[in-house]
Amino acid sequence: MEDLKRIRSGFVQKVPLPALKCLLDDLWQGKVLSTDDKDSVMEEQAGRADRARCLIDMVMAKGERASQAMIDSMLERDRELYITLGLILPPSPTDCVVSPTETKGSTSELNLSTEQFKTEKLKDRDNIYAVMAPAIRTRMALLITNVSFDKEQYRNGAEKDEQVMSELLSSLGYNVKQHRDLSGAAMDEAVESFSKDPRLATTDSVFVVIMSHGVKRHILGVHHCEEVPDQFPIDNIYKHLNSVRCPKLLNKPKVIIIQACRGDKDGSAIVMDGPGSVPEQAPVVQVDVALPPHLADPVDEDIEEDAIIRVHREKDLVSFLSCTADTVSYRHRKQGSFFIQYVVEIFKLHAHEDHIDELFRKVQKRFEDEPPSASVRQMAVKDRCTLTRKFYLFPGI
């Protein structure tokens with residue numbers, strides 16, 4: 001019954017009329033609903049949404065057995081709706097076909113770089129980001145995980161994501177500053193505070209990892225609801241880490257990883273032979289930000305150009321998002337999200353030999369290569385990449 005309460009709003013909005021009729025038939029045949037109940041839903045309610053609302057409220061009033069019967073019928077009649085509503089999060093690759101220890105490429109250990117490999121790569125100074133020696137550096141990372149929400153669905157499996165991501169970053173030599181269950185304002189404060197940490201002066205790179213519910217362009221805080229939104233704008237990450245506000249990270253790679261939905265659409269599609277439709281053009285968003293006085297264009301004729309220090313406001317950043325715009329991300333209740341599973345797996349296997357762009361490409365390939373499952377419903381995407389050199393992590397060195 002609790003599951004039906006949780007998905008009630010989504011069910012009313014999304015259940016198609018044919019599926020609704022099939023559910024009614026199944027529940028009537030299973031003697032969950034009487035003939036009068038069935039007629040009440042179909043004849044006394046005018047629209048699809050009213051019928052859906054009447055049905056789910058009627059079933060919940062009949063108790064746990066009736067509620068489970070409706071859930072079972074939904075799984076059989078419309079699996080797509082079943083998954084979309086979050087009644088069960090799809091099985092991870094480790095639950096299909098093979099055991100966890102046999103999953104393609106799985107490993108519990110981080111492969112380490114060799115001194116020879118590092119020395120060889122760093123010869124190309126113009127095309128490789130500089131790496132500080134372990135004895136003098138304090139690599140820094142920020143990890144924010146929202147699990148428990150006031151009104152949104154509890155993120156089962158998020159604890160696993162938090163654990164494996166924290167372990168991965170630590171094994172790569174990062175000091176991980178962790179936060180859990182933050183509001184939108186608290187997330188903004190955490191990122192801003194991180195950007196002012198004095199230890200950034202002795203880091204050669206940073207990771208910012210945020211995992212939560214989300215919508216397009218925003219990550220949801222734990223107090224979010226439709227009536228009173230609690231959101232953290234993703235743009236604020238770039239604002240706090242840019243070269244002007246955070247000069248300690250000038251010319252250092254800044255990696256942003258976000259596990260969150262960016263809409264409510266499925267990321268997969270059935271391909272049909274025939275003329276394709278023209279994709280809808282994404283809206284263009286323009287943001288005007290005034291430069292501080294010392295970076296503004298000179299207006300006084302007496303000011304000479306070489307007296308002005310100019311830096312690229314947004315440079316040496318790369319974001320890796322769990323799904324494309326407008327689509328959802330999937331998460332296993334126990335194993336955690338597909339995206340974080342794949343990131344950890346690929347980094348452990350290949351960070352000793354690949355730069356960050358190649359690591360991200362291999363994560364995307366994992367989504368493409370998986371056998372049919374929920375993981376193929378989404379595709380990770382790289383965004384706002386301004387890396388001008390190759391960034392190697394050189395684990396173990």
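Key figures
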item: Calculated FRET value between residue 196 and residue 126, using beta carbons and R₀ = 45 Å, to 0.05; result: 0.90
item: Interchain or long-range residues, amide H under 5 Å from residue 336's placed H; result: none
item: Protection proxy ranking, peptides 322-329, 182-189, 245-252, average beta carbon neighbours within 10 Å, highest first; result: 322-329, 182-189, 245-252
item: Peptide ranges 338-350, 24-36, 3-15 listed from the most packed, as the mean C-beta count within 10 angstrom indicates; result: 338-350, 3-15, 24-36
item: Extension gain from residue 248 to residue 333, taking 0.36 nm per residue of separation minus the Cα-Cα distance; result: 26.7 nm
item: Rounded, prolate or oblate (a/c below 1.5 giving rounded, otherwise prolate when a/b exceeds b/c) for the stretch 143-207 by Cα gyration tensor; result: oblate
item: Mean separation of Cα contacts under 8 Å, 6 or more apart, over the residue count of the stretch 2-84: relative contact order %; result: 38
item: Extension gain, residue 42 back to residue 8 (0.36 nm per residue minus Cα-Cα distance, nm); result: 10.4 nm
item: Mean Cβ neighbour count within 10 Å, used as a protection proxy, ranking 63-70, 226-233 highest first; result: 63-70, 226-233
item: Extension gain, residue 326 back to residue 111 (0.36 nm per residue minus Cα-Cα distance, nm); result: 73.9 nm
item: R0 of 56 Å, Cβ-Cβ distance residue 75-residue 314: FRET efficiency to nearest 0.05; result: 0.75
item: Hydrodynamic radius by Kirkwood, which averages 1/r over all alpha carbon pairs of the stretch 2-84, in angstrom; result: 12.4
item: Sum of side-chain charges, residue 211 neighbourhood, beta-carbon under 12 Å (Lys, Arg +1; Asp, Glu -1); result: 0
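No lab work stands behind these numbers, since they all come straight from the coordinates. Note that the structure is a prediction, hence the values are computed from the model and not measured. Counting neighbours? That spans all protein chains shown, and the Cβs are built from the backbone with ideal geometry, glycine included.
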